[in-house]
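Derivation of every value follows stated rules applied to the coordinates shown; laboratory data play no part. Quick caveat, the model's predicted, so the values are computed rather than measured. Here the Cβ positions follow ideal geometry from the backbone for every residue, glycine too, while neighbour counts run over all protein chains shown.
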Amino acid sequence: MNGEIWVVVERKEDGVRRVCREALGRAAALGGEAVAVVPGGDPDEAAAAVAPYAKRVLAVAHPLLDDGDAETWAAVLAELIAVRRPAAVLGGATARCRGVFARLSARLGCGYAADVTGLDVTPGGRLRAVRPVLGGRAYATLEFRGPTPDLATVRPGAFPAPAAGLAGTVERVTPATGALTARVRFAGRLPLEAGPVDLAEADVIVAGGRGLRGPEGFRLVEDLAAAFGAAVGASRACVDAGWRDHSCQVGKSGRTVSPKLYVALGISGAVHHRMGMDSARTVVAINNDPNAPFFKHADYGIAGDLFELAPALAAEVRKAKGE
Amino acid sequence: MNIVVLVKQVPDPEARVTVKEGGGPDALQVEDRWVTSYFDEIALEKALLLRGSLGGAVIALTAGGGKAADALRRAVAFGADRAVQVDDPALGHTDALGVARVLSAAVRRLAPDLVLAGRAAGDDEAGFVGGAVAELLGWPHIEEAVELDVAECCPGLRATRVADGAKEILDVALPAVVTAQKGLAVPRVPQVTNVMKAMRAKIEKLDLAALGLAPERLAPTVAVAGYQAPPARPPVKMIAGTAPEAARTLVGLLRDEAKVLG
């Protein structure tokens, strides 16, 4: 691709959100010049966190960017895009960046592909994106027309995350403050019940369903998740019954996840649930019912007593990890 | 408070989906079963709850012909006061950005205090229209709200959003766009009598000319070049034995065959 491919980078504690590293890796492979654009935060910290993953870093500093409201991010990015004219702009398919990219597309009149799982370049030098539709039951290939840059957010887990190893040059940018108004006021920020690992970016997810028989049964899921170092997910039935918060729900009306490993404990495997996790690389289904539909859509299946299998599996995982 | 709710009729999640050999732009075949997008129903329910406590009107708005009006009838059966459909041949050849332009032009005309919509539609799941409509209107937007009420501190609304691994509490002045995540409200099951009444409800129609939009504004910026079936998973390997045996076998396979451990 001729020209610059920007990746809008979201920070996470003192690091970089994994999906943004994955997007940076893909951007570098598309042949253009990959540039990490980091809105908000301390520019020195941002530069130190991002430079190992990109040859060039634009650290955009302004206090109104720190809260991460999509409107202020989009205003600043649109201003930079108009001046520097990148060929494409990528981001992670997070709630925040989906809001930012919807605004960028509307503001610039540029095409946008959300939540893509494949990205390459056409002979004409435009992006070509593949994205799931209808709950992952089909994949659409999208081509861009009209004005550039081509915009896309990438699904977490769709591309490999490159290891740190670069030492990018850092440029600091101070946006024109006139363009910024903060109309969403951040009154508080709290961590989630979901546990120490974020569902959207987890390598491994252990999810529980109705087969656990009650909220106490979820301790099996939590213990197995702890053994794997995994995030905890839940089926709709468990969330609707109040066993878990809806931020844990995987499926059509919950989160869509793409971990390397998805372990389903006591989940029957209804189509609504599978829509949220069918792009997981390896799927393990464990269920009391040997006829559970999930077994038709898993790589490995065990039909047996969950209350014996989950602790046995947790013990084996701990042994394999040398704990 | 007057609220516009953006609604969309989408294929039933349980409709059969097939992708024809060859995979061109016409290869996607979806069984003819339709529902109103689930998150839009949550937005609609929340709008009706807000009307109950704050007064005002709830106006359902959709863009498109054919089945699109069914989402409006559903909204009226829920209890919406008005139903507005933008229908124009140009909508058949546009993309999500064109739809957002149409919806924002219609919202500007309806001049509500608040726009509510689902966080994403059940078919393309892009989560695009809410943010794009906010941008085109020049309004603030709160994505993926799980709580929404009148702010006590200041004029406007207070929302809670659960996303990206955190829970955020946000205050926003009106007019604003808020998109609904699961948890914001539980959609009702409309009574049969209301469903019957909604069949005869008046649907207000608008076209591009009425909105002052030139058809060129709907020229697509992305186009579907083709569809593919999802990659098939190989047949399942069922693991037998006692619990400790099965656990040991599974961990061995995860480590050595699937290579997802360690």
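In degrees, nearest 10, range 0 to 90: what is the angle between the Cα axis of helix A:218-228 and the longest Cα principal axis of chain A?
60 degrees
Can you divide the C-alpha Rg of segment A:227-323 by 2.2 N^0.38 Å and report the result to two decimal places?
1.05
Based on C-alpha coordinates, I'd like the Rg and Dmax of segment B:1-141, in Å.
When restricted to Cα atoms, segment B:1-141 yields Rg and Dmax of 15.4, 54 Å.
In terms of the Cα gyration tensor, with a ≥ b ≥ c the square roots of its eigenvalues, is segment A:59-113 rounded because a/c is under 1.5, prolate because a/b exceeds b/c, or oblate?
In terms of gyration-tensor shape, oblate.
For residue B:142, list long-range residues whose amide hydrogen, built 1.01 Å from N in the peptide plane, is under 5 Å from its own amide hydrogen.
Hits under the 5 Å cutoff: B:177, B:178, B:179.
For all pairs of alpha-carbon atoms in segment B:46-104, what percent lies in each bin of width 10 Å, listed from the first bin to the last filled one?
With a bin width of 10 Å, the distribution comes to 22, 44, 27, 7, 0.
Mind checking which aspartates and glutamates have their Cα closer than 15 Å to the Cα of residue A:296? Skip sequence neighbours fewer than 8 apart in that chain.
A:278
Where a Cα-Cα gap under 29 Å defines reach, which lysines qualify for residue B:205, not counting those fewer than 8 residues away within the same chain?
B:8, B:46, B:67, B:197
Please report Rg (one decimal) and Dmax (integer) in Å for the Cα set of chain A.
That works out to 21.0, 64 Å for Rg and Dmax.
Loop by DSSP (not H, G, I, E, B), at most 16 other beta-carbon atoms within 10 Å: where is the longest site-free stretch of chain B for trypsin sites (Lys or Arg not before Pro)?
Segment B:68-187 is the longest.
Write down the Kirkwood hydrodynamic radius of chain B, to one decimal in angstroms, obtained as one divided by the mean of 1/r over all alpha carbon pairs.
Over chain B, the inverse of the mean reciprocal pair distance is 20.5 Å.
Cα-based Rg (one decimal) and Dmax (whole number) for segment A:156-314, in Å?
19.0, 64
Apply 1/(1 + (r/R0)^6) to the Cβ-Cβ distance of residue B:49 and residue B:207, taking R0 = 45 Å, and write down the FRET efficiency to the nearest 0.05.
The computed FRET efficiency comes out at 0.90.
Could you list which residues have their amide H under 5 Å from that of residue A:187, counting only those 5 or more apart in sequence or on another chain, with H placed in the peptide plane?
Those lying under 5 Å, H to H, from residue A:187 are B:169, B:170, B:171.
Can you compute the FRET efficiency between residue A:174 and residue B:150 using 1/(1 + (r/R0)^6), with r the Cβ-Cβ distance and R0 = 30 Å? Round to the nearest 0.05.
Taking R0 as 30 Å, the efficiency between residue A:174 and residue B:150 is 0.20.
Please tell me the relative contact order of segment A:4-179 in percent, rounded to the nearest whole number, where contacts are Cα pairs under 8 Å and at least six residues apart.
The value is 29 percent.
Give a quick list of chymotrypsin sites (Phe, Trp or Tyr not before Pro) in segment A:267-323 that DSSP marks as loop, anything other than H, G, I, E or B, with at most 16 other Cβ atoms within 10 Å.
Sites meeting the loop and neighbour criteria: none at all.
Can you run phi through the Karplus equation (6.51, -1.76, 1.60; θ = phi - 60°) for segment A:243-255 and list ³J(HN,Hα) in whole Hz, with x for Gly and Pro?
6, 9, 5, 5, 5, 8, 6, 9, x, 3, 9, x, 7
Could you work out Rg/(2.2 N^0.38 Å) for segment A:4-179, with Rg from alpha carbons only?
For segment A:4-179, the normalised Cα radius of gyration comes out at 0.95.
Normalised radius of gyration for segment B:103-207, please: alpha carbon Rg relative to 2.2 N^0.38 Å, two decimal places.
Here the answer is 1.21, to two decimals.
With the radius of gyration and the Kirkwood radius both derived from the Cα set of segment B:10-78, what is their ratio Rg to Rh?
When Rh is taken as the Kirkwood radius, the ratio is 1.14.
Determine the relative contact order of chain B: mean sequence separation of Cα pairs under 8 Å and six or more apart, normalised by residue count, in whole percent.
Over chain B, the number comes to 23 percent.
Just need the Rg to Rh number for the protein assembly as shown, please, alpha carbons only, Kirkwood Rh.
0.96
Give the aspartates and glutamates whose C-alpha is closer than 18 Å to that of residue B:259, dropping any in the same chain fewer than 8 places away, or say none.
Once the sequence-local aspartates and glutamates are set aside, what remains near residue B:259 is A:203, A:299, A:316.
Please sort by residue number the GluC sites (Glu not before Pro) in segment B:18-69 whose DSSP state is loop and whose Cβ has at most 13 other Cβ atoms within 10 Å.
Here the GluC sites (Glu not before Pro) that fit, given the DSSP loop and packing criteria, are B:21, B:31.
Evaluate the distance, in nm, between pseudo-label points positioned 7 Å from the Cα of residue B:199 and of residue A:85 along their respective Cα→Cβ axes.
6.0 nm
By the gyration tensor of its Cα atoms, with a ≥ b ≥ c the square roots of the eigenvalues, what is the shape of segment A:7-60: rounded for a/c under 1.5, prolate for a/b over b/c, or oblate?
Prolate is the answer for segment A:7-60, as a/c is 1.5 or above and a/b outweighs b/c.
Taking θ as phi - 60°, what are the ³J(HN,Hα) couplings along segment B:137-152 by the Karplus curve (6.51, -1.76, 1.60), each to the nearest whole Hz, with x for Gly and Pro?
7, x, 10, x, 9, 10, 8, 6, 6, 10, 9, 7, 7, 5, 6, 8
Just to confirm the filter: which GluC sites (Glu not before Pro) across segment B:149-204 are DSSP coil and have at most 11 other Cβ within 10 angstrom of their Cβ?
B:152
Of B:186, B:92, A:209, whose Cα points farthest to the positive end of the dipole of the protein assembly as shown (charges on the beta-carbon: +1 Lys, Arg; -1 Asp, Glu; origin at the Cα centre)?
With unit charges placed on the Cβ atoms, the residue in question is B:92.
Based on Cβ point charges of +1 for Lys and Arg and -1 for Asp and Glu, what charge dipole magnitude is obtained for the protein assembly as shown about its Cα centre, in debye rounded to the nearest 20?
It works out to roughly 740 debye.
Grab the other residues whose beta carbon is less than 10 angstrom from that of residue A:166, score K and R as +1, D and E as -1, and report the net.
Net local charge, residue A:166 excluded: +2.
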